[in-house]
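Beneath this line is the structure, given in structure tokens, with notes to follow.
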Amino acid sequence: MRMTIITSNPGKVREYQHYFEGLGIETAHLNVPYDEIQSSDLEEVVRKGMDELKSKGISDFIIDDSGLFIDRLEGFPGVWSAYVQKTIGNEGILKLMGGVEERSAVFKCCIGCNMNGKDIIVTGTCNGVILEEERGTEGFGYDPIFSHDGQRSFAEVRTDEKNDFSHRGNAVRLLLAEMEKIL
Ligand code: ITT
């Protein structure tokens, strides 16, 4: 079996490679742009993206739409996570959270997988907190400011360890369970 990971984000590719290759599943990376519609729902973005890629004749792939939802900011940056990371970045989020005691947040990862003519969509989550400062050099995106255990940031753990408890890791485990049912 071969899984083509369609994303512009090399950090995601590294995480998927760790998983799938550990399971003996070959991976390939393709950076084909697709329209990420403005929606308050990650799953809707993924469903539309899959339809667009299939209409271009692409099959047997996975796409991933993720976001960081901060409770005290009413779910912001959420579905705008990519734009916010590119503009105000982690520093901007830390400023918004300056002096805020309630720091809980959830990372969500919605995976859309097209395999053998069938579509599977699953969402994995990981609860945690926004740290007071950036920590660590591993990972990508919001990893330096998010911690699942209130101690180490996601950027202070190795990729294989992050996969054990991350939103993406949880989504992949759900995906594999669904794939077993149809393959
Ligand atoms: P593609 O849509 O091309 O896959 P992207 O980077 O735009 O890549 P998303 O829209 O899914 O991906 O991601 C929203 C933002 O959240 C973006 O800035 C990512 O870097 C960040 N992000 C996603 N998963 C993350 C993770 O596991 N750790 C830290 N940041 C993450």
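The values are calculated or read from the model by the stated rules, or taken from the named source; none is laboratory data. None of the values given here were measured: they were computed from a predicted structure. Note: ideal-geometry Cβ built from the backbone for every residue, glycine included; neighbour counts use all protein chains shown. Accessible surface is based on the protein model in full, side chains and every heavy atom, while ligands, DNA and RNA are left aside. Shrake-Rupley method; radii C 1.70, N 1.55, O 1.52, S 1.80 Å.
Of note:
- Residue that is farthest from the chain's Cα centre (by Cα) [pool: residues in the range 163-180 that are open to solvent by less than 30 Å² (accessible area, probe 1.4 Å) and more than 13 Å from the ligand (Cβ to nearest atom)]: MET179
- Residues satisfying the stated conditions in the range 84-113, i.e. under 21 Å from MET50 (Cβ atoms) and open to solvent by less than 10 Å² (accessible area, probe 1.4 Å): CYS109, CYS110, ILE111, GLY112, CYS113
- Selected residue (criterion: farthest from the chain's Cα centre (by Cα)) from residues of the range 40-68 that are more than 12 Å from the ligand (Cβ to nearest atom) and hydroxyl-bearing (Ser, Thr, Tyr): SER55
- Verdict on ILE93 being near the ligand (Cβ under 10 Å from one of its atoms) and modelled with pLDDT of 95 or more: no
- Subset of the range 144-153 (residues that are in contact with a Ser or Thr (Cβ under 8 Å, 6 or more places away or on another chain) and either away from the ligand (no atom under 13 Å from the Cβ) or within 10 Å of LEU68 (Cβ to Cβ) (or both)): ILE145, PHE146
- Of all residues in the range 4-25, those that are open to solvent by 70 Å² or more (accessible area, probe 1.4 Å) have Cβ atoms under 8 Å from Cβ atoms of residues that are within 13 Å of the ligand (Cβ to nearest atom) and in a loop (DSSP other than H, G, I, E, B), 6 or more apart or on another chain, in SER8/ASN31; SER8/PRO33; PRO10/PHE140.
- Of all residues making up the range 115-141, the number that are buried (at least 16 other Cβ atoms within 10 Å of the Cβ), outside any loop (DSSP other than H, G, I, E, B) and within 17 Å of the chain's Cα centre (by Cα): 9
- Verdict on GLU74 being without any contact (Cβ under 8 Å) to a residue 12 or more places away in the chain, acidic (Asp, Glu) and open to solvent by 70 Å² or more (accessible area, probe 1.4 Å): yes
- Contact map, the range 30-52: first residue in contact (Cβ under 8 Å) with a residue 60 or more places away in the chain, second residue among the basic types (Lys, Arg), Cβ cut-off under 8 Å, separation 6 or more or different chains; pairs are LEU42/LYS108.
- Selection from the range 146-162 of residues that are over 18 Å from SER104 (Cα atoms) and open to solvent by less than 10 Å² (accessible area, probe 1.4 Å): VAL157, LYS162
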